[in-house]
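Colleague: Please find one structure pasted underneath; my questions will follow.
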Amino acid sequence: MNGITVTMALVDFIPVALFFIAAVILQRDLYNKMVKGAYALLASGSILVLISGIYKAGWKILYALGLCDFQALDISFFPMQAPGFLLVFLALLGMFTKYNREARKEKTVLLSVAPIPIYISNMPFVIMQVVGCAGTQWCLFAMALRMKKKVAAMLFVISFIFMLGMGYLSSQFDDTSSMHWLAQSVNIVSQGALLGGVLILHRAGLPRKDALKYDIELPEASV
């Protein structure tokens, strides 16, 4: 391992804190706007993403301080973050779905239980990460446009672009100090843009009753 310093490890907690604030604001704003199952997806997905970030930053600080090289914290980052973003996307997607709350309550709650796949390849997690990040940002982008908050919409686009940048840097990562700083800077911009967009929607009263019009029709649940 090259280039990890205490300062760098501490900076790695910044995007974690930015995501945490954005997630808490979203959960508070959407608590009374979602059925329990969808909110469970939002909460559990956010927690997975948050814990994965804490693990990664925690691993760096332990290594930088010379205490230990706790690689399990690093290895668990991607398999936790990818499903987390996917769950957040599924929760937000429900905001654009018309269905009978009581009739679908049981099925919605069941969505909060996700199987844990066991594969040697990381491809399932790559797919989860791409779909989850893209879907989450799309839902927030759609909310912003329908609330006529173009700046927030642009911030969500910026956040997603820099998230893609993180994916590219991961494929090119050479473990040098400069690459670590570049990755951290990209991640801070991404999470900062996400938080900025969420704050704009929060101040506007996310979500207004007229902001979310249902586009997707689901069949009625059978009795």
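The values are calculated or read from the model by the stated rules, or taken from the named source; none is laboratory data. These figures come from a predicted structure and were not determined experimentally. With ideal geometry, Cβ positions are generated from the backbone for all residues, glycine too; neighbour counts draw on all protein chains shown.
Colleague: Which residue pairs have Cβ atoms under 8 Å apart, sit 6 or more places apart or on different chains, and have a first residue in region 2-27 that is without any contact (Cβ under 8 Å) to a residue 60 or more places away in the chain and closer than 13 Å to Trp59 by Cβ and a second that is in a helix (DSSP H, G or I) and among the charged types (D, E, K, R)?
Modeller: So the pair list comes out as Ala9/Lys60.
Colleague: Also, quick follow-up: Hey, among the residues in region 28-74 that are hydroxyl-bearing (Ser, Thr, Tyr) and surrounded by fewer than 19 Cβ atoms within 10 Å (Cβ to Cβ), which one's modelled with the highest pLDDT?
Modeller: Ser44
Colleague: Would you kindly identify the helices (runs of 4 or more DSSP H) lying entirely within region 1-101 that contain at least 3 residues that are within 19 Å of Leu199 (Cα to Cα)?
Modeller: On the way: elements: 6-11, 13-30, 36-64, 71-75, 77-93.
So the answer is 13-30, 36-64, 77-93.
Colleague: Taking region 128-177 as the region of interest, how many residues are of a type in the set (S, T, N, Q), touching a residue at least 60 places away in the same chain (Cβ under 8 Å) and assigned to a helix (DSSP H, G or I)?
Modeller: Matching residues across region 128-177 total 1.
Colleague: In this structure, is Gln184 under 20 Å from Gln129 (Cα atoms) and in contact with a Leu (Cβ under 8 Å, 6 or more places away or on another chain)? Spell out the reasoning first.
Modeller: Values: under 20 Å from Gln129 (Cα atoms): yes; in contact with a Leu (Cβ under 8 Å, 6 or more places away or on another chain): no.
When the stated conditions are applied, Gln184 does not pass them.
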